[in-house]
Amino acid sequence: MTVGDLDRSMAFYSTVLPFTKESERDHSGADYQELVDVPGARARTVQMRLGREVIALTQFSSPNGRPVPLDSTSNDLWFQHLAIVVGDMAKAYARLQQYGVQGISDRPQRLPAWNKDAADIEAYYFKDPDGHPLELIHFPEGKGDPRWHRRGEALFLGIDHTAIAVKDTVVSLKFYRLLGFEVRGHSLNYGIEQEHLSGVPGARVRITSVRAGSGPGIELLEYQRPRTGRRMPADERAPDLIHHHTTLAASEFRRTLEVLCYAHVALISTGARCDQPSTWESRHLVLFLDPDGHVMELAEP
């Protein structure tokens, strides 16, 4: 994700949340500028780990990007959060309160028993210093990956998924199945708990979880009500602070690029062109768009 002040963000993710710094690098030059399609781009990225998962925080020194809109809501189509698994919701929430973290939810919510697929999951939405949404999530016994239930683990355990707002689940599923993802779960969330969790009055959300062979999943959040969410800005660029991209490691990198091109998926990276496959030979990373404008990064392992 793009951040406005890398040192401030590192302090947040390592102090409020127990991520640890793994690496740091500078980006500049033609290859990077072609990857992100931003002429003159210069940036610094720090990778930080929690459990098995890694996030990358990037600050652009050139050009300047726009801040996250102050009136952003959970049903805007630029919404994306990381779901951080905790072993004890009350303790994790108390830690956020200790540091004065800004909430989206008014308090942690336990999803009701009538919602069989999500019953007794506890969740809480909050923001990082730039306004990026994040989620604390606690799975009851019998739900979630078995590793989230191992005893003796730390309070903050890892990242279960990233969640993105979508306009049409059917359209999004067609896209993610193209990439080899499979549906692993679904629920229809509504009622007072979902309203308090998302901060959206009257929220009714169709949630579909998709996963690949390994790694965190992607949750598709279709707000069936209210349908007031705004589209991703057409001029969104990597330096803007609403920018996230999700890295997908493809064992058959060039074959996957062929599939994307055949499906007329929009490539962002100017160094890889569908009409010139020869441009792929020197590429190991390519950015492209999903149907709602969420940025994905195809990576060769």
Total lysine pairs whose alpha carbons fall under 27 Å of each other in the chain (8 or more apart, or interchain): 12
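Based on DSSP loop calls and a cut-off of at most 14 other Cβ atoms within 10 Å, the longest stretch of the chain free of exposed chymotrypsin sites (Phe, Trp or Tyr not before Pro) is what? Spell out each step's value before the answer.
Values: sites that count: 99, 114.
The longest uninterrupted stretch comes out as 115-301.
Rounded to the nearest 500, what is the chain's calculated 222 nm mean residue ellipticity when only DSSP H runs of at least 4 contribute -39500 (n - 2.57) each, over all residues?
Working: 6 runs with 51 residues, N = 301.
After summing the helix terms and dividing by the residues of the chain, the value is -4500 deg cm²/dmol.
Taking every DSSP beta bridge that has both residues in the chain, what percent is antiparallel when rounded to the nearest 5?
DSSP beta bridges in the chain are roughly 75 percent antiparallel.
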Relative contact order (percent, whole number), the chain, Cα cutoff 8 Å, 6+ residue spacing: 20
DSSP-defined antiparallel bridges as percent of all bridges, the stretch 80-225, nearest 5: 75
Label-point separation in nm, residue 26 to residue 150, each point 7 Å along Cα→Cβ: 3.9
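Considering all alpha-carbon pairs of the stretch 80-225, what whole percent are spaced by more than 23 angstrom? Let's see the in-between values first.
Numbers: 3543 of 10585 pairs.
Across the stretch 80-225, Cα pairs with separations above 23 Å total 33 percent.
Every number here is computed from the coordinates shown, using simple stated rules; none is lab data. Given the structure is predicted, the values throughout are model-derived calculations rather than measurements. No Cβ is skipped: glycine too gets one built from the backbone with ideal geometry, and neighbour counts run over all protein chains shown.
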